[in-house]
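J.: Dumping the structure here so I can ask a few things about it.
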């Protein structure tokens, strides 16, 4: 008769086997009060755009732009007063639009002159006026060159094409780079101006080469 031996029983029935540690368990615990790793320095905030009300122009350069605006306004008003209307042109006549534009330009120049005088008085009283940013000369040069080309090509090309070139050049100077859309919009604006002068004021703008072809 053989004696059967029972398998060994665990000493404590409540004892359980712990799960094996996972690969991400390092066996150490970080203290709860530890500071996290500092992030990288944040990118500097962009400089705010120039606001003439808060950062006005100072010095002699403050009078350049008001002087140019006043000059253009005076030329427009003088042209409106001396322009000769066609014999059978309907009212209000060809001098109304340049007269309104010239008057508005003179009012804007007067407003800028008052702002310059107020800033100069604050500087004399000891107020701290922040410096002004530099002039972005490439857009200014593009606009001046576009105006010169427009004036030179107005008679041979006519208003429709030279005006479209003028609008396109100004849009390019301000950052427009959608070539086809800008060309179509410029041509549409030039045509609208020509129709407005012809039908509204009774003035025929130069037709140029298109007048000879069409």
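J.: Tell me, yes or no, whether the range 120-139 has at least one residue that is over 27 Å from residue 67 (Cα atoms), in a helix (DSSP H, G or I) and outside the structural domain of residue 75 (by TED's automatic domain parsing).
T.: Step one: of the range 120-139, the residues over 27 Å from residue 67 (Cα atoms) are none.
No, every residue in the range 120-139 fails to be over 27 Å from residue 67 (Cα atoms), in a helix (DSSP H, G or I) and outside the structural domain of residue 75 (by TED's automatic domain parsing).
J.: Within the range 177-203, take every residue that is within 21 Å of residue 141 (Cβ to Cβ) and surrounded by fewer than 16 Cβ atoms within 10 Å (Cβ to Cβ) and give me the one that is farthest from the chain's Cα centre (by Cα). Lay out the reasoning, then the answer.
T.: In the first step, residues of the range 177-203 are kept if they are within 21 Å of residue 141 (Cβ to Cβ); the result is 177, 179, 182, 186.
When the remaining residues are screened for being surrounded by fewer than 16 Cβ atoms within 10 Å (Cβ to Cβ), the result is 177, 179.
Values: 177: 13, 179: 18 Å.
So the residue we want is 179.
J.: From the list 148, 152, which residue is out of contact with any helix residue (DSSP H, G or I) (no Cβ under 9 Å at 6 or more places or on another chain), assigned by TED's automatic domain parsing to the domain that holds residue 190, in a helix (DSSP H, G or I) and surrounded by fewer than 20 Cβ atoms within 10 Å (Cβ to Cβ)? Spell out the reasoning first.
T.: Working: 152 fails: out of contact with any helix residue (DSSP H, G or I) (no Cβ under 9 Å at 6 or more places or on another chain).
So the residue among 148, 152 that is out of contact with any helix residue (DSSP H, G or I) (no Cβ under 9 Å at 6 or more places or on another chain), assigned by TED's automatic domain parsing to the domain that holds residue 190, in a helix (DSSP H, G or I) and surrounded by fewer than 20 Cβ atoms within 10 Å (Cβ to Cβ) is 148.
The values are calculated or read from the model by the stated rules, or taken from the named source; none is laboratory data. Because the structure is a prediction, the values reported are computed rather than measured. Because the Cβ atoms are built from the backbone with ideal geometry, glycine has one as well, and the counts that use them run over all protein chains shown.
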